Amino acid sequence: MITNEEIALATHCLAFALENGASGVRITLSKSLMNLVGMLNGEVDKTAHALDKSLQLQLFVNGRFGTFSSNRLEKDELESFILQAIDTVKMLEEDKFRSLPDPSRLAKDAVTGQELGLWDATAESITSARRKELAISSSFWARKAEAEKGFTLIAEEGEYSDSIFDSVTMDSQGLFARHTETSFEIGYEATVQDSEGNHYSNYWWDAAPFLKDLQLESCAQKACLRAAQAISPVSIDSCRTNLIVDSECAGKLVTPLLNALGGFAVQQKNSFLADKLGKKLFPDSLSIIDLPRVPGETGCRLFDSEGVATRELPVIENGVVKTFFINTYIGHKMGVEPTIEDATRVKLMPFGGCSTQEELLQKMIDGILVTGFNGGNSNAATGNFSYGIEGFLIRGGRKVHPVREMLITGDFISLWNNLVATANDARPCLSKLIPTLAFKDVSFSA
Amino acid sequence: MIQSKQYYLDIFKVDVPLLETFVAEGLRSGGSYCDLYFENTSYGSLLLRDGAVTSGGSHIDYGVGVRVLSGEKTGYAYSESTLKEDILACARAAAGIADAPSEVNPYGTRNPSRGEPNPAADRYPVLQNWREVPMAGFLPFLQSLDADVHAKDTRIRKVIVNLAFSVSDILMYNSARELKYETRPMGSVSVSAVFEQNGAVENKSTSRSFRCGAEMLTPALAQEMAAEVVKGIDQRFEAKRPEGGRMSVVMGAGASGILLHEAMGHAFEADFNRKGTSIFSDKMGCRICPEGINILDDGTLQSNRGAINFDDEGIPGQKTYMVEDGILTSYLHDRISAAHYGVKPTGNGRRESFRYAPLPRMRATYMESGTAKADDLISSVKKGIFVDEFSNGQVQIGEGDFTFYVKSGYMIENGRLTMPVKDINIIGNGPEALADIRGVADDLAVDPGAWTCGKEQSVPVSCGIPTVLIGNLTVGGAQ
């Protein structure tokens, strides 16, 4: 997608910046194409066509550093932009910790961009008519009578889209790293009305690097059924009980852990895990690994934004905190060896012997199954959290009622110490491979 | 800030006949309406960390979006080039939505809407253009703010100051031959501090954001923000999680306006109602709050983060009363939804950038003052909480369930503020919460923070409210 002429332009910009006062330069040239067809109640409601390109420059000048970008990629305009950018960097304060990465750490195996096998060649040849066919075929609206038992589907809104993404990162040390991928997505939101006129909404979605793997037909129906399952919720009393979190949303509880392991948060002392590297904070059963180089898997990449080669890393191993995500700058500031800028594709290793969510519910017997979060947040410094939840009351290993207007509250270290089992049902379309999780003794407010 | 027409035509390398050509191309397949949205935005940012301004940059975003409507259906395409052939290609792509004649013509409802908006208003005059100030000119402000914060409290371990600004040249043209143009400034400053006390760590932050020029960066602003970021830190260290459950909640004046944004503002956006998904879709003309309560969405506040001279469809900015004396009186409309309901657009058609088609979006959403006194509302509560500092919120449009996250507040016991509380989520149901408003104080404040609404696209908004007592909401806490 990125042409040789565009690569030549980026190369020229790199040289131009060096000739005009930069001591180090990193450039990322990105280009993407997205086409979308939106559906409303079985009919095409909108179409969108988007072609984006941008050139990002990171400039090291006289011990100073700045980041710049433009989507005006004419040579003359870029040269003028670069000269202004260099002048701007000179006005900033000196920062002795800024530098390009050690060249030995840079990726050398991302040459064509297609090494990870995330490229579906058919993406370039899909016509507008075919796109509309795919979108129309995904709708459940015409067949809604099959499902309408005790409720009416009053709105079905969805989108089909296909995207092509291509980027090249190069620097003044000789880095050339390319990443290309295609993505196909389908997503639906359904709103149903019960016999008393109450509305209930829910969604479902899927994504895949290859069109053949996209779960196109079942998406809208699943959104409808998820909405219908929420009809007639009950309010239950505040309690402490088992928390089971569906794999669709379990990543919400992992993200704050990864954020707390981020070098920036650690260096700024704004992390509840700031002094916990190498310490055993969690149960033996908890292991999280970063697996950035699995061919064909969504979200995998051979290099980070600095061009540093990714590698398999234990994040938490048998309960021990093993990795902080440290880039070159933070590594210099903290006086530690850099690792990688961020987690790429983490996997929480399943344990407890359950394959499916149903088996896990049977194992836990009672509790609340969370199928979605409704707002909430956490405190990065303390690890305290409070989230709104929606889901189901579980009794005897089965869903008995939807629940609403409930909150879970606690702190992450205690929560993860109460992780007792998982299923093995992580959704491959998500960037984090997190299965359904089961925790004991969680505080619910209602 | 408004420059001459030619200034904008030159930036985008177009003239009016060419604009007409593009619109005609967009309508060639039978579309009922076409508009063009040109944008040239310069962004700048500076970051102070560990006592020095060692990171900064600038960014340029330039392009044009072409929208074609066929009835209520939308075709959208954009180009990062304003070359004639590229815009024509976009127009052709967007035109593809019109495969059937339109029955609804949004142009037919384009009249300026209620409240007699002033189409000539300039709500964000600029004294010092961000584009004309060298980056070095901003460093003293960041450094003084850093120093002011450090001087306030010896427990501070880290301070981060972030300055972000943008200037957007906008040109719009549509098939009604309406040409609109202006330049939109935005400046935002945030400061966060990490405190340490006896091994415990806490963080606090605050922000200011205005549609104005660099003249906002005054020593007084630095002093004000420094004072705010350390205010209440003693209570933050003392704070505990309350026992959770349903209880009365007194929403402090100002940032508590997030309640209105989440609990009703989104549900009043007309696209959700047009599609039948909103819980308020059949409540127009019905009482939804106690008598005396007025809730509005206002694009006319001078230099406010949610201010607009006109929206991204060219409709003049205005005040839109959504609730008058407790009765639901208006949704928030863009051209499509206004045509659907047969009413005038309300100037709420907004978009993140030329990459997006406009949607009904809020501007500055607030409740007008009532007659009660804030202290009286607090003293009327036997058991509940008072909340005054927030981070984020969310709503489920269909059910109406909303949440917002409270960073700090106090327990109320027997009418008095007692134990400080922190880090709790509050959840409620929009219609139920609105109907359960027990009192409204006379102290409306519109929060000056950098609020951003994330409905499909990010747009700047603001929110406000007087001190309000709600009878029962569910508060997260320990059991």
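Read-outs throughout are calculated quantities, based only on the coordinates presented, and are distinct from any laboratory measurement. As the structure is a prediction and not an experimental result, all values here were calculated from the model. Ideal geometry is used to build each Cβ from the backbone, glycine not excepted, and the neighbour counts take in all protein chains shown.
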Checklist outcome for this item: Longest principal axis of chain B (C-alpha) makes with the long axis of helix B:139-152 (C-alpha) an angle, in degrees to the nearest 10, of 20
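Given the peptides B:459-467, A:335-343, arrange them by the average over their residues of other C-beta atoms within 10 Å, most packed first. Could you put the intermediate results ahead of the total?
Working: B:459-467: 26.3, A:335-343: 18.1.
Descending packing order for the listed peptides: B:459-467, A:335-343.
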Checklist entry - What is the ratio of the Cα radius of gyration of the range A:4-229 to 2.2 N^0.38 Å, where N is its residue count, to two decimals? => result 1.38
Checklist entry - Once phi is turned into ³J(HN,Hα) by the Karplus curve 6.51 cos²θ - 1.76 cosθ + 1.60 with θ = phi - 60°, what whole-Hz value does each residue of the range B:61-67 show in order, with x for glycine and proline? => result 10, 9, x, 9, x, 10, 10
Checklist entry - Any idea what Rg and Dmax come out to for the range A:333-420 if you just take the C-alpha atoms, in Å? => result 16.9, 54
Next on the checklist: Can you tell me the orientation of helix A:4-19 relative to chain A, as the angle in degrees between its alpha-carbon axis and the longest Cα principal axis, to the nearest 10?
Outcome noted: 60
Checklist outcome for this item: Rounded to the nearest 500, the 222 nm mean residue ellipticity computed for the protein assembly as shown from DSSP H runs (n ≥ 4, each -39500 (n - 2.57)) alone is -5500 deg cm²/dmol
Checklist entry - Simple spin-label model, 7 Å along Cα-to-Cβ: A:Met334 to A:Lys269 in nm? => result 1.5
Checklist entry - Sorted from fewest to most neighbouring beta carbons within 10 Å, what does the list B:Val343, B:Val229, B:Val68 look like? => result B:Val343, B:Val229, B:Val68
Item to check | Peptide B:239-246 - average C-beta neighbours from other chains (10 Å radius) | outcome: 4
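Is the range B:118-277 rounded, prolate or oblate when judged by the Cα gyration tensor, a ≥ b ≥ c being the square roots of its eigenvalues, rounded requiring a/c under 1.5 and prolate requiring a/b larger than b/c?
Working: a/c = 3.16, a/b = 1.25, b/c = 2.53.
Oblate shape, in that a/c is at least 1.5 and b/c is the bigger or equal ratio.
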Next on the checklist: How would the range B:274-339 be classified by its alpha-carbon gyration tensor: rounded, prolate or oblate, with rounded meaning a/c under 1.5 and the a/b versus b/c comparison settling the rest?
Outcome noted: oblate
Checklist outcome for this item: With the charge dipole of the range A:10-159 built from beta-carbon charges (+1 for Lys and Arg, -1 for Asp and Glu) about the Cα centre, the Cα from A:Ile154, A:Ala135, A:His12 projecting farthest to the positive end belongs to A:His12
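Where does each of B:Met251, A:Met170, B:Met322 land when they are ranked from fewest to most other beta-carbon atoms within 10 angstrom? Kindly include the intermediate steps, with their values, before the conclusion.
Working: B:Met251 32, A:Met170 21, B:Met322 24.
Fewest-to-most Cβ neighbours within 10 Å comes out as A:Met170, B:Met322, B:Met251.
Return the ratio Rg/(2.2 N^0.38 Å) for the range B:123-177, where Rg is computed over Cα atoms only. All intermediate terms of the calculation are to be shown ahead of the outcome.
On the way: Rg = 18.4 Å, N = 55, 2.2 N^0.38 = 10.1 Å.
That works out to 1.83 for the range B:123-177.
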Checklist entry - Which order, highest average first, do A:212-218, A:267-273 follow once you tally other Cβ atoms within 10 Å for each residue and take the mean per peptide? => result A:267-273, A:212-218
Checklist entry - Residue by residue, what Karplus-based ³J(HN,Hα) values in Hz, rounded to whole numbers, does the range B:307-317 have, using 6.51, -1.76 and 1.60 with θ = phi - 60° and x for Gly and Pro? => result 6, 9, 6, 8, 7, 7, 10, x, 7, x, x
Checklist entry - Shape call for chain A from the C-alpha gyration tensor, a ≥ b ≥ c root eigenvalues: rounded (a/c under 1.5), prolate (a/b greater than b/c) or oblate? => result oblate
Item to check | Per-residue mean of C-beta atoms belonging to partner chains within 10 Å, peptide A:257-268 | outcome: 1
Next on the checklist: Show me, for the range A:390-404, the HN-Hα J-couplings you get by feeding each phi into the Karplus relation (A = 6.51, B = -1.76, C = 1.60, θ = phi - 60°), rounded to Hz, glycine and proline as x.
Outcome noted: 9, x, 9, 6, 10, 9, x, x, 10, 6, 10, 8, x, 10, 9
Item to check | For the range A:118-177 versus the range B:143-213, the gap between their alpha-carbon centres in whole angstrom | outcome: 36
Item to check | Distance from the range A:334-382 to the range A:401-446 (C-alpha centre basis), Å | outcome: 7
Item to check | Charge-dipole axis of the range A:239-445 as Lys and Arg at +1 and Asp and Glu at -1 on Cβ define it, positive-most pick from A:Ser271, A:Ile408, A:Gly307 | outcome: A:Ile408
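Taking the Cα centre of chain B as origin, work out the dipole magnitude from +1 charges on Lys and Arg Cβ and -1 charges on Asp and Glu Cβ, in debye rounded to 20. Walk me through the numbers before you get to the answer.
On the way: 48 positive and 60 negative charges, 66 e Å.
Result for chain B is approximately 320 debye, rounded to the nearest 20.
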Checklist entry - Relative to the first principal axis of the alpha-carbon coordinates of chain A, what is the inclination of helix A:219-229, with its axis defined by its Cα atoms, in degrees from 0 to 90 and to the nearest 10? => result 50
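Neighbouring Cβ atoms within 10 Å as the yardstick, rank B:Ser45, A:Ser305, A:Ser70 fewest first. Please report the intermediate quantities before stating the final value.
On the way: B:Ser45 19, A:Ser305 15, A:Ser70 24.
By the 10 Å Cβ count, ascending: A:Ser305, B:Ser45, A:Ser70.
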Item to check | Neighbouring partner chain Cβ atoms per residue of B:60-70, average, 10 Å criterion | outcome: 3
Item to check | Built amide H within the under 5 Å cut-off of B:Val381, gap 5+ | outcome: B:Gly415
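For the range B:339-479, what is the convex hull volume of the alpha-carbon atoms per residue, in Å³?
Values: hull volume 20.6 nm³, N = 141.
Spread over its residues, the Cα hull of the range B:339-479 gives 146 Å³ apiece.
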Checklist entry - Which of the listed residues, B:Thr329, B:Asn309, B:Ser256, is farthest toward the dipole's positive end in the range B:250-343, when Lys, Arg count +1 and Asp, Glu count -1 at the beta-carbon? => result B:Thr329
Item to check | Antiparallel content of DSSP bridges confined to chain A, in %, to 5 | outcome: 95
Next on the checklist: Explain nothing, just the number: dipole magnitude of the protein assembly as shown about its Cα centre with +1 on each Lys and Arg Cβ and -1 on each Asp and Glu Cβ, in debye rounded to the nearest 20.
Outcome noted: 1220
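Where the only charges are on Cβ atoms (+1 Lys, Arg; -1 Asp, Glu), what is the dipole of the range A:4-229 about its Cα centre, to the nearest 20 debye? Write out the running numbers ahead of the final one.
Details: 22 positive and 36 negative charges, 61 e Å.
I would put it at about 300 debye.
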